[in-house]
1. Give me the pairs, please: first residue somewhere in region B:180-194 and more than 14 Å from every other protein chain (Cβ to nearest Cβ), second residue anywhere and open to solvent by 70 Å² or more (accessible area, probe 1.4 Å) and within 11 Å of DNA strand D (Cβ to nearest atom), beta-carbon distance under 6 Å, and either six or more positions apart or on two chains.
2. Name the pairs: first residue in region B:203-229 and within 12 Å of DNA strand D (Cβ to nearest atom), second residue basic (Lys, Arg) and part of a loop (DSSP other than H, G, I, E, B), Cβ to Cβ under 8 Å, at least 6 apart or on different chains?
3. Given B:Asp58, B:Asp23, B:Asp16, which one is within 18 Å of the chain's Cα centre (by Cα), surrounded by 13 or more Cβ atoms within 10 Å (Cβ to Cβ), at pLDDT below 95 and outside the structural domain of B:Ser202 (by TED's automatic domain parsing)?
4. Please find, within region B:185-207, the residue that is farthest from DNA strand C (Cβ to nearest atom) out of those that are in a helix (DSSP H, G or I) and open to solvent by 30 Å² or more (accessible area, probe 1.4 Å).
5. Answer with yes or no whether B:Asp71 is facing chain A (nearest Cβ under 9 Å) and surrounded by fewer than 21 Cβ atoms within 10 Å (Cβ to Cβ).
6. Restrict the check to region B:94-105 and report whether at least one residue is without any contact (Cβ under 8 Å) to a residue 60 or more places away in the chain, within 12 Å of another protein chain (Cβ to nearest Cβ) and out of contact with any strand residue (DSSP E or B) (no Cβ under 8 Å at 6 or more places or on another chain).
7. Would you please name the residue that is nearest to A:Ile139 (Cα to Cα), looking only at residues in region A:174-184 that are within 12 Å of DNA strand D (Cβ to nearest atom) and loosely packed, with under 15 Cβ neighbours inside 10 Å?
8. Since A:Gln164 meets every condition but one in (1) open to solvent by 30 Å² or more (accessible area, probe 1.4 Å); (2) within 15 Å of DNA strand D (Cβ to nearest atom), which condition does it not meet?
There are 2 protein chains.
Amino acid sequence: MLNNYSKEDKVLLAVDCIIFGFDKDKLKILLIKRDFEPEKGKWSLIGGFLKKEENLDDAANRVLNHLTGLDEVYLEQFFTYSEVDRDPEERTISVAYYALINIEDHDQELIEHYSAKWFTIDKIPNLIFDHNEMVDQAIKRLQYRASTKPIGFELLPEKFTMRQLQKLYESILDTDLDKRNFISKINALDILIKLDEKDMESSRKGSYLHMFDKEKYDKKTHEGFIFKI
Amino acid sequence: MLNNYSKEDKVLLAVDCIIFGFDKDKLKILLIKRDFEPEKGKWSLIGGFLKKEENLDDAANRVLNHLTGLDEVYLEQFFTYSEVDRDPEERTISVAYYALINIEDHDQELIEHYSAKWFTIDKIPNLIFDHNEMVDQAIKRLQYRASTKPIGFELLPEKFTMRQLQKLYESILDTDLDKRNFISKINALDILIKLDEKDMESSRKGSYLHMFDKEKYDKKTHEGFIFKI
DNA sequence: GCTATAAGTGTTAATTATACACTTCCAAAG
DNA sequence: CTTTGGAAGTGTATAATTAACACTTATAGC
């Protein structure tokens, strides 16, 4: 193809994906053992190359679906990494995304097939290339986003207890929260449905289950409501 | 070159740059009349293609320096645009940056040479491709960043009045601020140096000039201080 | 029926944000 | 010399939000 741009350099464009999951009371990310060179055998984010006929969101979804079997997952692009030597094999620019998944949902067989493993975010191993930097930035972005949009629910089962929600925010924000203050803040938002059902796993008394009321949230947002934790 | 990646598609990677300036009491951006096809003659952001031997920050700096003659300008990458047909000429992915410059500083001749023009942000014309979307997102990112980091000063001359600073934040945040509340907030931050010098342009009484005390800000930040407006 | 354990629940104090109006200064006009 | 116009500069009171804090309740398991 000959056109106005034809003398310009082309590059490989990858997407890399930080997959967050929330297990009991820990925020975790899913990593794979890389099975090809360079850096074969090292821990890595999942990634793949952008194809001609797709945009970056599509590519990130495709890559994520390969590993987890999941579709329609929350994904947010957050930064593009471009150091000249970041990949020793060949000049590659990588667009980083993070994904939020319900850790109970993904395809266990696929995970094993890729030798993937969950790591708590305070014990991330050394990763290839600039992937550790990507993880750090993904956590920062997640902290900001989770404070301003109701995306935390993506990491929880459909029905969850207030305590689970609190633990989730504590692990995302890396801080301790006061139980009473947290609950009254959440209640003031008025975007949850409290069920009659109780979760009996965590205590003898049991703990009421809640659901995120997306319709109500959308309606309130439309009327000017701003989510803030 | 033959390697593990050799069957993957390559793409053109561009950088596009939203250049913000602050003129009197208006936030503006600098646009150029595009002088090549496609979309020749239409208003556009400045941009250019990534070269083999540079990273994206370098490319953005290069592109910005071409148009303004400026160097060491505040630049932040904020999003990568990848719709398949965003550029009708050829598949091009674009990484968007915004820049903050002191509007008095740039090279007037270069601006004229490129038929560039400043537009206030509430009167942006129709731009090529997805550039209007880029501008909208740049403004949002600037609003967030200016609330959490002392980057506003990049848009002002070295010496500025409190009123200029207030007008700047008003135009960035697109809101009115109370003069007394604003000043006491800024004073509470304790990161400005008040000079004995006055600016006599704007009133008969004159208005004290201030400077951003970067050293003090860095020291305070190191000690846990968090900038917040 | 006793016990151990997490769930659930309100009030007060402290901090932060908002609302609001008059005086001062000085160049320019007369 | 006096007057005037216009922006600069300044403080307090109220409202809203956030932070600190401890006891009772429910129930499964022994």
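1. B:Lys194/B:Tyr208
2. Partner pairs satisfying both residue conditions: B:Leu209/B:Lys159; B:His210/B:Lys159.
3. B:Asp23
4. B:Asn187
5. Answer is no for this residue.
6. no
7. Here the answer is A:Thr175.
8. Of the numbered conditions (1) open to solvent by 30 Å² or more (accessible area, probe 1.4 Å); (2) within 15 Å of DNA strand D (Cβ to nearest atom), the odd one out for A:Gln164 is (2).
The values are calculated or read from the model by the stated rules, or taken from the named source; none is laboratory data. It should be emphasised that the depicted structure is a prediction, and the values quoted were computed from it without experimental measurement. Using ideal geometry, Cβ is built from the backbone for each residue, glycine included, and neighbour counts are taken over all protein chains shown. Surface areas here come from the heavy atoms of the whole protein model, side chains and all, with no ligands, DNA or RNA. Shrake-Rupley method; radii C 1.70, N 1.55, O 1.52, S 1.80 Å.
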